[in-house]
Amino acid sequence: MNWQVNYALQYILEAHKSASAQHIHGDAIKITLPHQPDIVAVVSAYYTINADLAEQYHEDFPDMEFLCGYRKECVWEGEAIEYLERNAIGWGSAGTLGSALSNGNVRSASHKDFFFSYRLISQMRSITNLDREFDRVFTMTLANGRTFRVGMIMEYEPTADAIRTFWDRFGPIDIAWNINPNGNPTQNAIEAGRDLGCEVMKWEELKKLLRNR
């Protein structure tokens, strides 16, 4: 049994006392909850999940209802997200799977770290097109034709290093959006963004930019 599958089984049993879970084969597990159909989830140890990998997992496990990127550092490419959502397969972290089991929405679940922020931006009428490149990076086109590449930064209080590391990993962005509602970017982070050529902002600042289109 692969290490990530073993940890996932332990996590599910600890987080859901009424659940039972067992290894099927490979990276797949079956989860049983009272009064619900059994759920097949695939637990991946890859650092990056792309469309080819998502399709391969689906081919190997046709009954897959959720694809879990177990590593904390796991990054999801936009084409993989599109494929999974098109096939009604939930995706995200172990925490996302745990929440989906509680809410009964496994097939429609998406990464809990980014779900609310991405839904928020998707509802803005001033945005005419959204292109999701990664779980945390999207390009938005506004009604006036202006285009911005946006990175969603999860840290509580992003530092200059967090901004630079994100830039190095995902490429140039126009906006570093600090999506954690409980903190604020440090002044060093704001200055690092300015040096790189991007603005570091919270939702209120981003919303103002969108409304002043």
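The values are calculated or read from the model by the stated rules, or taken from the named source; none is laboratory data. Treat the numbers as computed from the prediction; the structure is a model and nothing was measured. We place every Cβ from the backbone using ideal geometry, glycine too, and count neighbours over all the protein chains shown. Side chains are part of the model used for accessible areas, which takes the heavy atoms of the whole protein and leaves out ligands, DNA and RNA. Shrake-Rupley method; radii C 1.70, N 1.55, O 1.52, S 1.80 Å.
Observations
- Of all residues in region 149-190, those satisfying the criterion of being exposed (fewer than 14 other Cβ atoms within 10 Å of the Cβ) and of a type in the set (D, E, K, R) are Glu157, Asp161, Asp168, Arg169.
Condition check ((1) open to solvent by 20 Å² or more (accessible area, probe 1.4 Å); (2) within 16 Å of His16 (Cβ to Cβ); (3) aliphatic (A, V, I, L, M); (4) assigned by the TED database to the domain that holds Tyr7) across all residues:
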residue: Met64; (1), (2), (3), (4): no, no, yes, yes
residue: Cys68; (1), (2), (3), (4): no, yes, no, yes
residue: Lys72; (1), (2), (3), (4): yes, no, no, yes
residue: Val75; (1), (2), (3), (4): no, no, yes, yes
residue: Leu84; (1), (2), (3), (4): no, no, yes, yes
residue: Ile89; (1), (2), (3), (4): no, no, yes, yes
residue: Gly92; (1), (2), (3), (4): no, no, no, yes
residue: Val106; (1), (2), (3), (4): no, yes, yes, yes
residue: Leu120; (1), (2), (3), (4): yes, no, yes, no
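- Among the residues of region 94-104, the ones that are over 18 Å from Ile81 (Cα atoms) and open to solvent by 20 Å² or more (accessible area, probe 1.4 Å) come to 4 in all.
- Residue check for Asp135: touching a residue at least 40 places away in the same chain (Cβ under 8 Å), open to solvent by 70 Å² or more (accessible area, probe 1.4 Å) and under 21 Å from the mean Cα position of the chain (by Cα): no
- Look at region 84-99: where a residue is more than 20 Å from Tyr47 (Cα to Cα) and a partner is outside any loop (DSSP other than H, G, I, E, B) and of a type in the set (S, T, N, Q), sitting 6+ places away or on another chain with Cβ atoms under 8 Å, you get Ala88/Ser108.
- Inter-residue pairs, beta-carbon under 8 Å, first free of Cβ contacts under 8 Å to residues at least 24 places away in the same chain and in region 36-55, second buried (at least 23 other Cβ atoms within 10 Å of the Cβ), 6+ apart: Asp38/Ile31
- When region 108-118 is limited to residues that are part of a loop (DSSP other than H, G, I, E, B) and not polar (S, T, N, Q), the one that is surrounded by the fewest Cβ atoms within 10 Å (Cβ to Cβ) turns out to be Lys112.
- Qualifying residue in region 140-147 (condition: surrounded by 15 or more Cβ atoms within 10 Å (Cβ to Cβ), free of Cβ contacts under 8 Å to residues at least 60 places away in the same chain and not polar (S, T, N, Q)): yes
- The residue that is surrounded by the fewest Cβ atoms within 10 Å (Cβ to Cβ), counting only those in region 16-50 that are under 22 Å from the mean Cα position of the chain (by Cα) and farther than 16 Å from Gly90 by Cβ, is Tyr47.
- Within region 191-201, the set of residues being open to solvent by 50 Å² or more (accessible area, probe 1.4 Å) and either part of a helix (DSSP H, G or I) or touching a Leu at 6+ places or on another chain (Cβ under 8 Å) (or both) comprises Glu191, Arg194, Asp195, Leu196.
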